[in-house]
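This report refers to the structure that appears directly beneath it.
Since every read-out is calculated from the coordinates, none of them should be taken as a lab result. Computed from a prediction, not measured in an experiment: that's the story for all the values here. Note that we place each Cβ from the backbone using ideal geometry, even for glycine, and neighbour counts take in every protein chain shown.
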Amino acid sequence: MELSNLVVGDEERIQIVDKRFYLFNGDLYPSVTTILGVAKEGKQLREWQGKVGNEQAAQILYDAGIKGTNVHNGVELLLMGKELDFSNYTMDEWRCLIAASRFIKDYKVEPILIEATLKGSHTYNKVIRRYAGSCDLVCYITEPRSLKRMLTVLDWKTSKSLHEAHDIQLLAYDEALAQTKEIVAEHWLVVQIGNKTKKGYTAHVVKKSNHDKLLRKWYLYNELWHMQNPNIKMRYQELPKHLKIEHLTKEGNKL
């Protein structure tokens, strides 16, 4: 499959492919989130790390990553018509999922693509820059007030605040969507779930009037990332395929 974290190997060993990249027909595509990492490596991040300490900052980011993954997986199941059980989630994750279910009902979401793997490219200074990513949702939504039904690209966020990088990420997916699937969206939403609003979510519209400015920044971030990473190489982690503790398998140790 053409996915990041691809597993390959033989009968005894497996190799885990670097999560920073997607693999398409043997070619490496850096992920959108990896490229946008250059936008997060600025003054604000360094100041925050200085306040909480590097070790605590790493733990906070790790926990947030687990929460985001669990919530995204749960939302995917909801969109597939599955029923979720509270016992499989933390309270914080469950609140996010309740908020997502409210949004799905309020906006009458009609899924087209869920967690779609997309690849895209653009030309900057006569150089082709490739990238790939996983778009949370392509769907039709019906706006509750206007009742207008719109083809929408949507990204779920469990973070406590929304940032411009989230808008840029969505538009990178939108660009790749048009190239990969030939789908042209008419509405763009970043939906923050699990916040303290009455319904538990905020639907942030990425306005068409801001697209040119945001895409210019996306091209600049992509160029900066490639300048910092001129020689793209896939990293593999080799792991055993089977585990067994020999001294616990002997006859004398059986209960």
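Would you mind calculating the relative contact order of segment 128-255 from Cα pairs under 8 angstrom and at least 6 residues apart, reporting the percent as a whole number?
Numbers: 128 pairs, mean separation 24.2, N = 128.
Taking the mean separation of contacting Cα pairs over the length of segment 128-255, I get 19 percent.
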Return the sequence-ordered ³J(HN,Hα) values of segment 102-108 in whole Hz as given by the Karplus equation 6.51 cos²θ - 1.76 cosθ + 1.60 applied to θ = phi - 60°, using x for Gly and Pro. 5, 4, 4, 6, 4, 9, 6
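Hey, with R₀ at 45 Å, roughly what FRET efficiency would Glu110 and His247 work out to, going by the Cβ-Cβ distance, to 0.05?
0.20
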Please count, across segment 174-230, the pairs of lysine residues with Cα atoms under 29 Å apart that sit 8 or more places apart or on different chains. 12
Need the full-extension length gain, Ile232 to Thr142, defined as separation in residues times 0.36 nm minus the C-alpha distance. One decimal, nm. 28.2 nm
So how do Thr123, Thr152 line up by other beta-carbon neighbours within 10 Å, fewest first? Thr123, Thr152
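Restricting to DSSP loop positions (anything but H, G, I, E, B) with no more than 16 other Cβ atoms inside 10 Å of their own Cβ, which GluC sites (Glu not before Pro) remain in segment 82-125?
Within segment 82-125, the qualifying GluC sites (Glu not before Pro) (loop, at most 16 other Cβ atoms within 10 Å) are Glu83.
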With θ set to phi - 60° and the Karplus curve 6.51 cos²θ - 1.76 cosθ + 1.60, what are the ³J(HN,Hα) couplings of segment 85-92 in order, to the nearest whole Hz, using x for Gly and Pro? 10, 4, 5, 8, 9, 6, 4, 5
How would Ile35, Ile114 line up from fewest to most surrounding beta-carbon atoms within 10 angstrom? Ile114, Ile35
Note to self: Kirkwood Rh of segment 143-219, Cα pairs, one decimal, Å, is 13.3 Å
Amide proton proximity set for Gly200, modelled H, under 5 Å, gap of 5+: none
Least to most buried among Leu147, Leu171, Leu239, Leu118, by other C-beta atoms within 10 Å and fewest first, runs Leu147, Leu239, Leu171, Leu118
